[in-house]
Amino acid sequence: MNYARFLTAVSAARKPSAIRMLTELQQRSPPTMISLAGGAPNPNTFPFLSASFGLKDGQTLNFDEALMKRALQYSASNGIPELLTWMKKLQKDLHNPPSPMDMCVTTGSQEGLCKLFEMLVNPGDNVLLDAPTYSGTLAALRPLGCNLINVSSDQHGMIPAALKDVLSRWDPSEVHKAGSTTPKILYTIPNGGNPTGASMTTQRKQEVYELARQYDMLIIEDDPYYFLQFDKPWAPSFLSMDVDGRILRTDSFSKILSSGLRIGFVTGPKPLVDRVVLHIQASTMHTSTFTQLMVSQLLHSWGQDGFLQHIEGVIEFYRKQRNAMISSADKWLKDVAEWHAPSAGMFLWIKLKGIADTQQLIMEKALEKEVLLVPGGVFMINSSDPCPYVRAAFSLSTPEQIDEAFRRLSSLIKEAK
Ligand SMILES: Cc1ncc(COP(=O)(O)O)c(CNc2cc3ccccc3n(O)c2=O)c1O
């Protein structure tokens with residue numbers, strides 16, 4: 001594929017940082033190399049000596065003096081090699097991408113999304129996505145001055161017929177013409193969508209991918225809830241069907257290992273991942289070496305089987321939480337609201353009957369009743385559009401708290417009518 005047409009002028013202008021190149025050259029050099037090049041600080045001056053991390057399975061991870069010095073030092077912009085190697089094998093084993101792919105570590109998938117959008121989206125570009133969608137994505141896209149076009153979706157994700165209808169405004173044979181306004185980017189959250197909890201069927205993914213081929217679009221597959229799919233087999237990803245090299249996938253450890261460690265990944269064609277890394281070089285330089293090493297030590301100690309075994313425990317937790325929320329919704333909300341039980345993720349998308357817009361109800365009445373939810377307008381392309389939905393997360397509250405929260409929500413809906 002020719003990726004040049006997808007890059008913004010800013011991204012195309014990025015050049016490797018000489019200093020970062022030297023750092024990486026030094027890190028690849030034999031120990032006999034004497035370097036007076038890098039402006040890195042001397043770790044012997046750092047006050048930290050060592051660290052050990054107690055794990056819930058009884059194991060301990062240790063940073064001895066030598067490892068601690070490395071953990072506290074600059075590292076490669078695309079990520080530390082041992083973490084990248086482990087993750088590349090996991091991606092290959094889980095998705096078996098049919099075309100060559102590269103990866104880089106990002107500070108959360110939020111950084112990955114932000115850098116992908118800034119690499120690909122020019123002011124005035126038409127960008128396709130299925131709203132309601134993650135508010136962090138809207139926050140990253142809106143300032144870029146692009147035209148966000150909604151593609152209808154339902155509890156099974158983006159509707160291919162709706163995408164076909166939106167794309168019918170353009171002639172696929174003119175996609176590469178200068179000045180073409182045909183969308184180049186499609187963004188979607190394929191599993192346990194935020195805020196809808198929707199998961200895309202395999203059939204729909206295949207149809208959407210074929211339309212992306214027809215109109216030569218890239219697909220950004222934002223998939224932080226991939227490991228929170230409650231049922232097996234896990235749905236095939238867009239990456240697993242990417243015969244052309246048009247998928248840019250963002251993964252995250254936030255929902256399965258830690259959100260505060262800020263570890264995410266971008267997976268995609270090397271020419272595009274390289275552009276993201278050039279941006280990292282000029283912005284954060286790299287994700288924290290310390291947290292990368294901490295996670296890498298854990299993953300190498302667990303192995304892939306241990307990692308997937310941990311995931312099973314996480315899935316069971318969220319399945320129980322989802323079941324508790326659905327049971328409380330059935331008990332308190334069935335006369336005043338509608339919803340679809342999610343098969344992944346941590347969110348329930350609830351439509352309040354007889355309420356045109358939930359903003360005021362949630363931001364005023366619900367607070368009085370001491371129940372906090374997110375009004376649906378937050379997730380819409382036009383946040384001022386009236387939205388009868390609210391997002392409820394079943395990740396943090398106990399089943400008892402969820403039940404009481406829905407009792408409060410039920411009473412305030414009845415009072416609002
Ligand atoms: C679809 C989708 N894509 C990317 C991300 C970013 O995750 P990262 O890997 O941790 O950077 C997310 C995280 N979503 C949220 C985060 C959050 C953080 C503080 C407080 C509230 C938050 N709420 O509500 C969220 O939905 C997401 O849902």
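Picking from residues in region 205-239 that are assigned to a helix (DSSP H, G or I) and open to solvent by 40 Å² or more (accessible area, probe 1.4 Å), the one that is farthest from Ser173 (Cα to Cα) is Gln206.
Only one entry of Leu272, Leu298, Leu293 meets the criterion of being part of a helix (DSSP H, G or I) and within 30 Å of Leu218 (Cβ to Cβ), and that entry is Leu272.
Listed by position, the helices (runs of 4 or more DSSP H) contained in region 92-189 that have at least 1 residues being among the hydrophobic types (A, V, I, L, M, F, W, C) and away from the ligand (no atom under 16 Å from the Cβ) are 108-120, 160-167.
For Met346, the criteria (1) more than 22 Å from Ser252 (Cβ to Cβ); (2) of a type outside the set (Val, Ile, Thr); (3) open to solvent by less than 30 Å² (accessible area, probe 1.4 Å) hold in every case but one, which is (1). Looking only at residues of region 207-225 that are within 18 Å of the chain's Cα centre (by Cα) and without any contact (Cβ under 8 Å) to a residue 40 or more places away in the chain, we find that the one that is nearest to Arg319 (Cα to Cα) is Asp223.
From the list Met1, Met68, Met33, the one residue that fits, being not in a loop (DSSP other than H, G, I, E, B) and not aromatic (Phe, Trp, Tyr), is Met68. Return the residues of region 257-289 that are open to solvent by less than 10 Å² (accessible area, probe 1.4 Å) and within 14 Å of the ligand (Cβ to nearest atom); say none if nothing qualifies. Correct list: Ile263, Gly264, Phe265, Val266, Thr267, Thr287. The set of residues in region 302-334 being touching a residue at least 12 places away in the same chain (Cβ under 8 Å) and over 19 Å from Ser397 (Cβ atoms) consists of Gln304, Phe307, His310, Ile311. The C-beta contact set for region 124-135 (first residue within 11 Å of Ile381 (Cα to Cα) and open to solvent by 30 Å² or more (accessible area, probe 1.4 Å), second residue at pLDDT 95 or above and small (Gly, Ala, Ser), distance under 9 angstrom, 6+ apart or interchain) comprises Tyr134/Gly193. Just one of the listed residues (Ala329, Ala392, Ala366) is at negative phi, crowded, with 21+ Cβ neighbours inside 10 Å and part of a strand (DSSP E or B), namely Ala392. In region 63-103, the qualifying residues are those that are polar (S, T, N, Q) and touching a residue at least 24 places away in the same chain (Cβ under 8 Å), and the one that is farthest from Gln26 (Cα to Cα) is Asn96.
The set of residues in region 33-52 being over 27 Å from Ser296 (Cα atoms) and exposed (fewer than 10 other Cβ atoms within 10 Å of the Cβ) consists of Ile34, Leu36.
The values are calculated or read from the model by the stated rules, or taken from the named source; none is laboratory data. Please read these numbers as outputs of a predicted model, since none were measured by experiment. Cβ atoms come from the backbone with ideal geometry, glycine included; neighbour counts cover every protein chain shown. We work out accessible area using only protein heavy atoms, side chains counted, and drop any ligands, DNA or RNA first. Shrake-Rupley method; radii C 1.70, N 1.55, O 1.52, S 1.80 Å.
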